[in-house]
Amino acid sequence: MEGKNLLAFSAGVDSSALFFLLLKNKIKFDIVLVNYGIRKQSIEEERYAQYLAKEHNLKAHITKAPKFSTNFEKNARDFRYSFFKNLIDKYNYTNLITAHQLNDQLEWFLMRLVKGAGVNELLGLEEISERENYTLIRPILNYSKDELLEFLEKNSYRYFIDSSNSNEKYERNYFRKEFSNQLIDKYKSGIERSFKYLKEDRDILISGYREIFSYKELYIIKIENSSIKIRVVDKYLKKLGYLLSSAQREEIKYNNSIVFGGKWSIELNSSLLFISPYIKIVMPKKYKEACRVSKIPPKIRGYCYRQSINPNIIKIIF
């Protein structure tokens with residue numbers, strides 16, 4: 001892994017196994033831990049993270065999360081990734097490494113399957129994903145929980161078991177206990193192959209587009225057929241850290257000019273798909289006219305103006 005690495009660490013089976021695998025492969029990294037304070041054991045896990053960092057001469061970034069009274073899973077994830085991003089920006093990390101494994105991949109698949117999802121959303125966990133200013137890497141995505149546990153036990157490495165993982169009030173835990181763990185135990189090799197084939201098929205399905213211009217959070221993509229615009233929008237918004245809902249995917253199907261969450265503009269102009277932050281700003285008439293001549297859609301112009309993008313440059317690219 002080239003660049004400066006930050007490992008999302010919890011002291012559980014997955015991240016502990018990944019921690020020692022990175023050391024074994026002589027990959028340099030620092031660790032980050034979020035303490036949610038919902039278990040007494042979390043204090044001991046935090047101390048263990050600090051011990052490991054000191055023992056192996058790593059930097060440990062640790063923070064305590066606020067109390068979340070509702071929608072814990074979503075709020076915890078949002079807080080966690082916001083903290084990660086702040087660290088990445090502050091310390092110039094190149095890669096964020098997470099310990100998602102095969103069981104997690106199957107849980108995600110099943111959770112999206114029952115809600116009605118397309119191929120891209122079903123296969124939401126990728127080994128390598130480009131984000132706005134860093135790369136998200138999941139190096140153990142094809143290893144099962146049992147394989148990671150066996151590695152830890154064989155080498156007498158310490159780890160913790162998160163007692164909250166058995167609480168079925170959390171949707172992921174329900175799918176883990178009732179379905180994914182049992183399926184992985186019986187059919188691991190077949191499931192692993194299926195994910196490989198599905199991702200290959202997905203890549204074929206989403207071909208037919210080409211990125212022709214990008215600047216910071218602005219993307220202009222040429223698509224051969226409007227039928228693939230949902231897949232393309234889904235891919236680029238994920239890259240920007242935004243996940244589409246089923247309703248939003250349907251909206252893309254019938255609308256060529258959309259703003260999602262008051263933040264992201266999606267415009268399809270002929271065969272050109274524009275994606276950028278949605279910014280309402282007063283622009284000089286001369287700039288707006290230059291955008292019109294260059295066929296830059298209205299909802300995209302505010303971001304272009306904010307970033308001082310010359311509309312004539314985009315016109316030349318077309």
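What follows is calculated from the coordinates using simple rules that are stated; it is not laboratory data. Computed from a prediction, not measured in an experiment: that's the story for all the values here. Because the Cβ atoms are built from the backbone with ideal geometry, glycine has one as well, and the counts that use them run over all protein chains shown.
Would you mind working out the magnitude of the charge dipole of the chain relative to its Cα centre, with +1 at each Lys and Arg C-beta and -1 at each Asp and Glu C-beta, to the nearest 20 Debye?
Values: 54 positive and 38 negative charges, 282 e Å.
With Lys and Arg at +1 and Asp and Glu at -1, about 1360 debye.
Which of the trypsin sites (Lys or Arg not before Pro) found in the stretch 62-102 are loop residues per DSSP with 12 or fewer other Cβ atoms within 10 Å of their Cβ?
Details: sites: 64, 67, 74, 77, 80, 85, 90; in loops: 67.
Listed in order of number, the matching sites are 67.
Taking the alpha-carbon centroid of each part, what is the distance from the stretch 212-232 to the stretch 89-114 in angstrom?
24 Å
Tell me the label-point distance for the pair residue 281, residue 217, using the 7 Å Cα-to-Cβ offset, in nm and rounded to one decimal.
According to this spin-label approximation, the distance is 1.2 nm.
Return one number: the angle in degrees, 0 to 90 and rounded to the nearest 10, between the long axis of the Cα atoms of helix 102-113 and the longest principal axis of the Cα atoms of the chain.
50 degrees
Any idea which of 128, 41, 151 is furthest toward the positive side of the dipole for the chain, if Lys and Arg beta-carbons carry +1 and Asp and Glu beta-carbons -1?
Going by the Cα projections, it comes out as 128.
What does the convex hull of the Cα atoms of the stretch 209-317 come to per residue, in Å³, rounded to a whole number? Walk me through the intermediate numbers first.
Numbers: hull volume 10.1 nm³, N = 109.
In the stretch 209-317, the Cα convex hull volume per residue is 93 Å³.
Given the DSSP H assignment, sum -39500 (n - 2.57) over each helix run of at least 4 residues in the chain and divide by its residue total; what's the result at 222 nm in deg cm²/dmol, nearest 500? Each step should come with its number before you reach the end.
Numbers: 13 runs with 148 residues, N = 318.
Mean residue ellipticity at 222 nm (helix-derived): -14000 deg cm²/dmol.
If you bin every alpha carbon distance in the stretch 13-156 into 10 Å steps from zero, what whole percent lands in each bin?
Percent of pairs per bin, in order: 10, 34, 42, 14, 1.
Quick one: dipole size for the stretch 180-310, taken about the Cα centre, charges +1 on Lys/Arg Cβ and -1 on Asp/Glu Cβ, in debye to the nearest 20. Can you show the working numbers first?
Working: 26 positive and 13 negative charges, 98 e Å.
That gives the stretch 180-310 a dipole magnitude of about 460 debye.
Quick one: helix 181-205 against the long Cα principal axis of the chain, what's the angle to the nearest 10°, folded into 0 to 90?
So the inclination is approximately 20 degrees.
Mind pulling the angle between the C-alpha long axis of helix 13-24 and the longest principal axis of the chain? Nearest 10 degrees, somewhere in 0 to 90.
The angle comes out at about 90 degrees.
For the stretch 117-129, just list the computed ³J(HN,Hα) in residue order, Karplus coefficients 6.51, -1.76 and 1.60, θ = phi - 60°, integers in Hz, with x standing in for Gly and Pro.
In residue order, the calculated couplings are 9, x, 4, 4, 6, 4, 9, x, 9, 10, 4, 9, 10 Hz.
What is the pair-distance distribution P(r) of the stretch 1-48, computed from all Cα-Cα distances in 5 Å bins starting at 0, with each bin given as a whole percent?
Taking every Cα pair in the stretch 1-48, the percentages come to 5, 19, 29, 23, 13, 7, 4, 0.
For the stretch 127-202 and the stretch 53-84, what is the separation of their C-alpha centers, rounded to whole Å?
After rounding, the separation between the Cα centres reads 20 Å.
Please go through the residue pairs 222/288; 24/90; 115/145; 229/299; 216/263; 28/196 and name each one whose alpha carbons sit more than 19 Å apart in this structure. It would help to have the intermediate numbers written out before the result.
On the way: 222/288 23 Å; 24/90 28 Å; 115/145 25 Å; 229/299 17 Å; 216/263 15 Å; 28/196 28 Å.
Table pairs above 19 Å Cα-Cα are 222/288; 24/90; 115/145; 28/196.
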